[in-house]
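Engineer: Have a look at this one before I ask anything.
The values are calculated or read from the model by the stated rules, or taken from the named source; none is laboratory data. Every value quoted in this text rests on a predicted model; they were computed, and no experiment measured them. For neighbour counting, all protein chains shown are included, and Cβ atoms are generated from backbone atoms with ideal geometry for every residue, glycine included. To get the accessible areas, we keep the full protein, side chains included, count just its heavy atoms, and leave off ligands, DNA and RNA. Shrake-Rupley method; radii C 1.70, N 1.55, O 1.52, S 1.80 Å.
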Amino acid sequence: MMRIPLDKVGEEPFAWRQQLTLNAESLERSELLGLGEILWQGSVERQEGGFRLDGRLEYEQTVSCSRCLEPLVVPVESQVRLRLMRAVPVAAEGEIELTEADLETVYVEGEEIDTLQLVREQLQLNIPMRSLCSESCQGLCPTCGANRNKETCGCDQVEVDPRWEALKNLRDG
């Protein structure tokens, strides 16, 4: 994985471009089935009080459809803009309200940036909470588990709320 030495960032920005391969299981998200090759490129430049990282990630991720569980390949292009600071903030007492600038700030220990952690965080943020293979996806049959997009099952499609079962017994009895 690439490390960016901060002492190499001078008047001109430090630029990089690299191809990465990461195992999808390493992100520990069940909805992520696979990751394609990742293009990670960008630059780091000095700015007042620290550094500015502008990067771009391009890759394909395979996720499962939330309704039918079929694999779905999703192309991802993600911009990464972070402010890098060397000093670690002192922990304050009580609750602290974070600003948007705080969310874009990464505190760096030492004299270099290991970009692997940054890439992993961005990959995690880009995994959708819910994916659909199509808006018309019919999902799985809750009774037999058949994929309703591919086959018609013979299960009774009328859903009975179990809370009404006691009233049904009164009527039948």
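Engineer: Between LYS168 and GLN41, with labels modelled 7 Å along Cα→Cβ, what's the label distance in nm to one decimal, could you check?
Structural biologist: Spacing of the two 7 Å Cα→Cβ label points: 6.1 nm.
Engineer: Something else: What's the extension gain from SER136 to GLU12 if we count 0.36 nm per residue and subtract their Cα-Cα distance?
Structural biologist: Stretched fully, the SER136-GLU12 segment lengthens by 39.5 nm.
Engineer: Please calculate how many Å² of accessible area the chain carries per residue, with a 1.4 Å probe and no DNA, RNA or ligand atoms counted.
Structural biologist: Value returned for the chain: 69 Å² of accessible area per residue.
Engineer: Moving on. Work out the length of the dipole vector of the chain about its Cα centre, built from +1 on the beta-carbon of each Lys and Arg and -1 on the beta-carbon of each Asp and Glu, and round it to the nearest 20 debye.
Structural biologist: In total the dipole reaches around 560 debye.
Engineer: Need one number: nm distance between label points at ALA146 and SER26, each 7 Å from Cα along Cα→Cβ, rounded to one decimal.
Structural biologist: Taking the two extended label points, one gets 4.3 nm.
Engineer: Among TRP164, CYS133, PHE51, pick out the residue whose Cα is farthest towards the positive end of the charge dipole of the chain, where Lys and Arg carry +1 and Asp and Glu carry -1 on C-beta, about the Cα centre.
Structural biologist: Checked the options; the winner is TRP164.
Engineer: Under the Kirkwood approximation applied to all pairs of distinct alpha-carbon atoms, what is the hydrodynamic radius of the chain in Å? Can you show the working numbers first?
Structural biologist: Details: mean 1/r = 0.0493 Å⁻¹.
For the chain, inverting the mean 1/r across all distinct Cα pairs yields 20.3 Å.
Engineer: Next up: What value, in deg cm²/dmol to 500, does the helix sum -39500 (n - 2.57) over DSSP H runs of n ≥ 4 give at 222 nm once divided by the residues of the chain? Let's see the in-between values first.
Structural biologist: On the way: 3 runs with 23 residues, N = 173.
Calculated mean residue ellipticity at 222 nm is -3500 deg cm²/dmol.
Engineer: If you don't mind, another one. Round to a whole number: what % of the accessible area of segment 115-157 belongs to carbon and sulfur, probe 1.4 Å?
Structural biologist: Accessible surface attributable to carbon and sulfur in segment 115-157 totals 48 percent.
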